[in-house]
Amino acid sequence: MNILFVADPLEVFKTYKDTTFSMMREAQRRGHRIAACEPRHLTWRSGELVHAEVREITLTGGEEEWFEVRRSGLRPLKDFDAVLMRKDPPFDSEYFYATHLLQQAEREGARVFNRPSSLRDHPEKLAIMEFPQFVSPTLVTRSADEVRRFHEEHGEIILKPLDGMGGMGIFRVGPEGLNLGSIIETLNQHGATTIMVQRFVPEISQGDKRVLVIGGQVVPWCLARIPQGSEIRGNLAAGGKGVAQPISERDREIAETIGPLLHERGLLLIGLDVIGDCLTEINVTSPTCFQEITQQAGFDVPAMFVDALEEAVERDRTVV
């Protein structure tokens, strides 16, 4: 296959832990060709196809100079066997526009994973609303008064922006309510911005678990991201410690309910965040933790992903 990765700049990859890199490495190991671009390189002109300025690369196996550019140039996206949208959040206006360009490429015959329309339909914080049976008490609002009432009801809460990643902008407020007003003002900007509030789940001390579902199938190991020191956030980007562990029965129940359904909607890869028994987020833009699970548990997550990608591409070719 000839695979295009739409991602962040290659120069900023941390290859020792980057999931997109692990996908590239497994794809190259199987003999597939790799190219990369950024969302800003996508372009469309009336009467023409969606193109991108891409770099066709070879992985070197080195740590610093980890890729070599074979050639670069403008290419139609439909010329690739698979286009993988792997741009990290935030899901801002530019990300939104990129999904529309990718959807146009789909109309022209490109195979895009995850499906652009499904990326738009499943914002990572709000997608949990479809599955209230798995969610701890949660509020989505612009109203400061609603937030205060929620706090009075539940005592200890977590507040977070809807467009954050890596634990950015997450606040915990205890029963005493210290700084609640200031935090609300910071996050919702005096009612201009919608935020999410959730009842604090004390099992965070045991880790914020990333449960992966690939091609509708549950990866049997998860990565529990455990907060360190006085930190409440388990996110690896916020200093959490990642510990691979077998998924629990509750994790599997959640994943086997949500995973196949979202797979039918064109989401080849999703990452569920579970604290204790509660689903907190559904990650669809660029789910991570492949390398950590593979290194610690010995379960080859990149191989499972590329298997699913190959099957999806072959299935699409058969349908066409």
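The values are calculated or read from the model by the stated rules, or taken from the named source; none is laboratory data. Bear in mind the structure is a predicted one, so any value in this text is a computation, not a measurement. Surface accessibility is based on the protein's heavy atoms, side chains included, excluding ligands, DNA and RNA. Shrake-Rupley method; radii C 1.70, N 1.55, O 1.52, S 1.80 Å.
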| query | By a straight-distance test (C-alpha under 14 Å), which aspartates and glutamates pair with Lys14 as possible cross-link partners, with residues fewer than eight away in the same chain excluded? | reply | Glu63, Glu64, Glu65, Asp88, Glu292
| note | Under the Karplus relation with 6.51, -1.76 and 1.60 and θ = phi - 60°, whole-Hz ³J(HN,Hα) for the stretch 143-153, x at Gly and Pro, equal 7, 5, 5, 4, 4, 5, 5, 4, 5, 4, 6
| note | Expressed in angstrom and rounded, the centroid-to-centroid distance over alpha carbons for the stretch 96-117 and the stretch 147-184 is 36 Å
| How large is the accessible surface per residue of the stretch 173-263, computed with a 1.4 Å probe and reported in Å² as a whole number? | 45 Å²
| task | Scale the Cα Rg of the stretch 157-293 by the rule-of-thumb value 2.2 N^0.38 Å and send over the ratio, two decimals. | result | 1.09
| remark: Along principal axes, largest first, the alpha-carbon spread of the stretch 95-248 in whole Å comes out as 56, 40, 29
| query | For the cross-link pairs Lys17/Lys209; Lys87/Lys125; Lys87/Lys241; Lys209/Lys241, which exceed 22 Å when the distance is taken from alpha carbon to alpha carbon? | reply | Lys87/Lys241
| task | Using only the alpha carbons of the chain, determine the length spanned along each of the three principal axes and report them from longest to shortest in whole angstroms. | result | 60, 46, 40
| said: As an exercise, find the ratio Rg/Rh for the stretch 1-121 from alpha-carbon atoms, using the Kirkwood inverse-distance average for Rh. | reply: 0.95
| note | Here the stretch 1-58 gives, from Cα atoms, an Rg and Dmax in Å of 12.7, 43
| message | Compute a Gaussian network model of the chain, connecting alpha carbons closer than 10 Å, and tell me which residue from Thr60, Thr20, Thr194 fluctuates the most. | response | Thr60
